[in-house]
Amino acid sequence: MVLAYISCNLYEKLIVNGLIVIFFVSVSSLIRLKEEGRSIFRKIIRGVIIGLLTISTMILSLEFESGNIFDARTVILSLAGLFYGPIPTGVAWAMALVFRIFKGTTGLLPGLLTITSASLIGLFWPLVEKRFLKNRYLNFLLLGLVVHIVSVLLFLISGVDSSYFSFVLPVFLIIFPLTTLVAGVIADNNAIYYRKSQEANEQKILLKYSIDATPHMEIYALDENLNYLLFNNFHRQQIKRYYNKDIAIGDYYLDNISHPRMKERLKKSFNQALLGKIKVQNSEVEVKKGKYLEEHFTPMFDKNGKVIGISVFSSDITEFKNREQAIFELSYLDPLTNIYNRRYFEEQVKKLIEDQYHLFSIITFDVNGLKLINDTFGHHYGDELLIKVANNLKNFFSEKDIVCRVGGDEYYIILPGQNYQKATLLLKRAKYEIEKEKIKGINISISGGVVTKTIKNSLEMAFQEAENLMYRNKLSEAKSHKSNFVKVLKDEVDKKRTIDVNHSDLVKALALKLALKLNLSKTEQNEIALIGEFCDIGKVGISKELLLKETALTAEEYEKIKTHPEIAFKILSVTEDYYPISYDVLSHHERYDGTGYPRGLKGEEIPFKARLISVCDAYIAMTTLRPYRKTKTKREALAEMRTNSGTQFDPLMVNEFIKMMEEE
């Protein structure tokens, strides 16, 4: 009886179910894909449509006498999960569940399970598809097999009579997977077609808005015969403005151009593009002097690689060209000295080298003592030094010579056509003139070298020789310059004193007496004499008004005064003659209890000679006239030193000093 029932209805029901599935995938482009729908309401509507199609297969299902139902719902729900996402699939799943429960019959549980499993497998299948399956045919076939193998297993687990499976297994394991494959491919093709049509529409809209959204760029396309394919509003306006012509699609472009030189230039550019070459050019417009255009001529190809036309983008770059010219000029000038910079120097040298028979020389100058000026007086005076050197070089050399600042304190002068002997003579004369100049009373010092490029030597070798010469000169000249610099600074400090003008001499003399009493060596005595002489050299960086202030110092002013040991250290430490005493000068205001400055050294941490100078400096300060307090007598000064023994001063040094003073 069962066999007779099945034989009469099986193919009829399968055909109907298959038609419903085909109808489902055929309208897939109408109900659209999950990627395109952002509205929840639209997704629900899609789910309702899918649910109705699923119910249709269940109404027209293959139903056995036992009440078990078999249909193509699993095909629709799995594809819905794959193509439409969770919301439409969830709606369709819920509708199918409700309908199956409403219909009842004995196969209810496996029916509900197959509805759920097909939906879930479809939803999660993209994870498998993305990682393992690149072939779409294999992908859809495997999806159909997995969904329907799971369905068969669910029927078995749920206790469905296995006698039915001899009839339905071919349907579930062959027909339905193949149906899934065919339906999936159709749906996928619909998806691809839909996306491409959407992209094409979007591109048309984008192209329309893009070419008209550029109010300062002409955009047009020409076919291989130079007839218009498209153009934007701005191009139409420009043609009307300059040539008083109205253009239309299909017009011959060159009919608009009346200027012969402009027509010839454009024709050459079009021909290059028609040969498959991209052409970019900046041109001054022939019909309007001072107007510049940047034009891009790009060939357009068909799918076979044949040139079928040209696209042209033309923008007005007049303002940009004007700014570029200004920036171009500024980019070659050093902002501080207003002479040429390294970039300009390198480009000019490159041009001269390219002319391999051109003789030229380069003078290299290096300013001595720039760091000393910066550290002592501040960067303002360092800048003044660099500007003064640059101005002197500009005034000394001729207009054909190229004066450049190539580094912090380095200047190069290019001398076209000058040989080594002439360049060397110019170097000596320039050096002589520049070293007459002064900064803060200190003569400027520069070192130099000469490089000459001839046919026989390379520029690199000549430069190396010139730099070696310059640095040899710098070593000898800089040493004497720094020593002279220190002495000039000491004189500057002494000039600031109007009361204790011989303070450093008094400290030096008293320190030497104490050194003799302590039986120090001749070398140590000489160093102590220098420390006494230069201990206040750092005050060159402090204003005369502050040094001679008669009222009490503010906290800020006192902090400024406290910087003079560090300034002195920077000055002395860079000179070979004074480096040995630089740390003693730095430390002569440290206190024995560790509360001094600048480093807060304590006890034996303070250098021995600095402790000695500290005592002598304090005594001279107390017993000579100061603008802010009365002079102490010898007795008062020694009493105060006893009081500060062990706090401000080294106790042993104070004891020896007091003994020495009381013996006088």
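Every read-out reported here was derived from the displayed coordinates using simple, explicitly stated rules and does not represent laboratory data. Keep in mind that what you see is a predicted model, and the values were worked out from it rather than measured. Cβ atoms come from the backbone with ideal geometry, glycine included; neighbour counts cover every protein chain shown.
For Glu605 and Ile308, the difference between the fully extended length at 0.36 nm per residue and the C-alpha to C-alpha distance is 98.1 nm.
Working from label points 7 Å from Cα in the Cα-to-Cβ sense, the Asn443 to Gln203 distance is 7.9 nm. Take the Cβ atoms of Phe132 and Asp212, set R0 to 51 Å, and the FRET efficiency comes out at 0.60. The base-10 log of I(q)/I(0) for the range 497-662, evaluated at q = 0.11, 0.16 Å⁻¹, reads -0.42, -0.95 [Debye formula, identical scatterers on Cα atoms, solvent excluded]. Here the spin labels are modelled as points 7 Å beyond Cα on the Cα-Cβ line, and at Ser573 and Asn502 they lie 3.4 nm apart. The relative contact order of the range 571-663 comes to 23 percent, based on Cα pairs under 8 Å that sit 6 or more residues apart.
If R0 equals 22 Å, the separation of the Cβ atoms of Asn419 and Lys394 corresponds to a calculated FRET efficiency of about 0.45.
The Kirkwood hydrodynamic radius of the range 214-322, based on inverse pair distances between different Cα atoms, is 14.2 Å. Taking the Cβ-Cβ separation of Thr318 and Glu346 as r and a Förster radius of 41 Å, what is the calculated FRET efficiency to the nearest 0.05? For Thr318 and Glu346, the calculated efficiency is 0.85. Straight-line cross-link reach from Lys560 at under 22 Å between alpha-carbon atoms covers these lysines, not counting any fewer than eight positions away in the same chain: Lys371, Lys440, Lys490, Lys495, Lys496, Lys539, Lys544, Lys549, Lys570. The simple spin-label model puts a point 7 Å past each Cα toward its Cβ; for Ala248 and Glu294 those points are separated by 3.6 nm.
A 22 angstrom limit on the alpha carbon distance is what I want to check against. Which of Lys522/Lys634; Lys208/Lys267; Lys277/Lys303; Lys279/Lys306; Lys208/Lys288; Lys43/Lys134 exceed it? Listed pairs above 22 Å: Lys522/Lys634; Lys208/Lys267; Lys208/Lys288; Lys43/Lys134. For the range 508-542, backbone nitrogen atoms closer than 14 Å to the point 7 Å from Leu652 Cα along Cα-to-C-beta are found at 518-520.
Give the relative contact order (percent, whole number) for the range 497-662; include only Cα pairs under 8 Å separated by 6+ residues. About 23 percent, as a whole number.
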